[in-house]
Amino acid sequence: PGRSIVKRPHNENLFSWGKLMRSKGYESLFLYGGYGFFDNMNYFFGNNGYKTVDRSSIPAKDIHFENVWGVCDEDLFTKAISEFNSVYAAGKPFFAHIMTTSNHRPFTYPEGRIDIPSKTGRAGAVKYTDYAIGKFISEAEKQPWFADTIFIIVADHCASSAGKTDLPPDRYHIPLIVYSPAHITPRTFDTVVSQIDIAPTILGLLHFSYTSKFLGKDALRDNQEQGEAFIGTYQKLGYIDDGMLVILDLKQQIMVRKLLDMSPISMATPESREVADEAVAYYQSAGYLFDHRLNLWDDGQHTM
């Protein structure tokens, strides 16, 4: 279950955010500064409703810096704005995933952008990433499509979260920024949500009507005390709900811990059994839907 569907065989024509947007008349794009054969990304996105744009699509004259991951974030953002302008000029709206990489090792980036020299550590790489995002937003503000565009800035995980055994929840506490100054009033939303809730929540902001196969929910509409979240490593799968962390381990071992201090909770209590069953249900249902081809795209289900 911990194996990413992006890398699995038979992952074509799934119900995806990109296909849903394409059904609404949007051009769906996946933009990556490296070569998209990495992690099977070009194949996955290309077969699930997206046009893929990667390092091979960026002319040499437009590359000012690159490392083993690909071009720097600035160059990727410049390419993104060029793609968006082309789609807009053709009279279509666009929907895009932009996957940045400059905050990864070896932590190298163009000199002279920030006050921390390149290749001196993570702090500089993160600050450069922040600089590049700010520059991207500034350039986007000059475009005719800016006022009616929603920008979502989100991480995949925090630093040093890829351990093979432990599931420290604090290393999966990631930022999510939704920015559209003409349409969204600034506020802080501190209810627990997960990455699977992003698509339903943004589609709710867009007031889209659609038949959903997402496992997440519209966090802004489905008011509740707390939501659920999912974390995982190569071997362990985690589920956070109601102040508890469930860890599904090898050989069907299940552990429940208090989220606050990670102290163990007896599996004999009704609360721990209930939350453990929920965790199994989420992961096993998702696996069942994929294995039995029940989460495929259906062209006849989607209306404005």
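The values are calculated or read from the model by the stated rules, or taken from the named source; none is laboratory data. Every value quoted in this text rests on a predicted model; they were computed, and no experiment measured them. Quick reminder, even Gly has a Cβ in these numbers, built from the backbone with ideal geometry, and neighbours come from all protein chains shown. Accessible surface areas use protein heavy atoms only, side chains included; no ligands, DNA or RNA. Shrake-Rupley method; radii C 1.70, N 1.55, O 1.52, S 1.80 Å.
Observations on the structure shown:
- Positions within segment 99-133 being open to solvent by less than 50 Å² (accessible area, probe 1.4 Å), in contact (Cβ under 8 Å) with a residue 60 or more places away in the chain and outside any loop (DSSP other than H, G, I, E, B), in sequence order: ALA132, ILE133
- One residue from GLY70, GLY112 being within 24 Å of the chain's Cα centre (by Cα) and at positive phi: GLY70
Each row is one residue, and each column tells you yes or no for (1) within 26 Å of the chain's Cα centre (by Cα); (2) farther than 20 Å from ASP156 by Cα; (3) of a type in the set (A, V, I, L, M).
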{"site": "GLY232", "(1), (2), (3)": "yes, no, no"}
{"site": "LYS236", "(1), (2), (3)": "yes, no, no"}
{"site": "TYR239", "(1), (2), (3)": "yes, no, no"}
{"site": "ASP249", "(1), (2), (3)": "yes, yes, no"}
{"site": "VAL256", "(1), (2), (3)": "no, yes, yes"}
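- Filtered residue count, segment 261-291, keeping only those that are in a loop (DSSP other than H, G, I, E, B) and within 15 Å of GLU228 (Cα to Cα): 0
- Any chance ASP39 is of a type in the set (Asp, Glu), open to solvent by less than 20 Å² (accessible area, probe 1.4 Å) and either in contact (Cβ under 8 Å) with a residue 60 or more places away in the chain or in contact with a helix residue (DSSP H, G or I) (Cβ under 7 Å, 6 or more places away or on another chain) (or both): no
- Any hit, segment 202-215, residues being within 20 Å of TYR172 (Cβ to Cβ), touching a strand residue (DSSP E or B) at 6+ places or on another chain (Cβ under 6 Å) and touching a residue at least 24 places away in the same chain (Cβ under 8 Å): no
- For segment 212-230, taking the residues that are open to solvent by 50 Å² or more (accessible area, probe 1.4 Å) and either among the charged types (D, E, K, R) or farther than 24 Å from PHE151 by Cα (or both), the one that is nearest to the chain's Cα centre (by Cα) is identified as LYS213.
- Contact annotation: residue pairs with Cβ atoms under 6 Å, 6 or more positions apart or on different chains, pairing a residue in segment 74-88 that is under 18 Å from HIS64 (Cβ atoms) with a partner that is assigned to a helix (DSSP H, G or I) and open to solvent by less than 50 Å² (accessible area, probe 1.4 Å), are GLU74/ALA132; PHE77/PHE136.
- One residue from GLY70, GLY46 being touching a Ser or Thr at 6+ places or on another chain (Cβ under 8 Å) and buried (at least 20 other Cβ atoms within 10 Å of the Cβ): GLY70
- Scanning segment 2-16 for residues that are out of contact with any Lys or Arg (no Cβ under 6 Å at 6 or more places or on another chain) and either open to solvent by less than 30 Å² (accessible area, probe 1.4 Å) or under 21 Å from GLY91 (Cα atoms) (or both) yields a total of 3.
- Cβ-Cβ contacts under 8 Å between residues 6 or more apart (or on different chains), taken from a first residue in segment 139-159 that is in contact (Cβ under 8 Å) with a residue 24 or more places away in the chain to a second residue that is among the aromatic types (Phe, Trp, Tyr) and open to solvent by 50 Å² or more (accessible area, probe 1.4 Å), are listed as GLN143/TYR88; PRO144/TYR88; TRP145/TYR88; ILE150/TYR179; PHE151/TYR179; ILE152/TYR179; ILE153/TYR179.
Results for (1) loosely packed, with under 11 Cβ neighbours inside 10 Å; (2) closer than 23 Å to LEU20 by Cβ; (3) in contact (Cβ under 8 Å) with a residue 12 or more places away in the chain, shown as yes or no for each residue.
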{"residue": "VAL256", "(1), (2), (3)": "no, no, yes"}
{"residue": "PRO270", "(1), (2), (3)": "yes, no, no"}
{"residue": "SER285", "(1), (2), (3)": "no, yes, yes"}
{"residue": "ASP291", "(1), (2), (3)": "no, yes, no"}
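- Number of residues in segment 145-202 that are surrounded by fewer than 13 Cβ atoms within 10 Å (Cβ to Cβ), in a helix (DSSP H, G or I) and within 19 Å of the chain's Cα centre (by Cα) equals 1.
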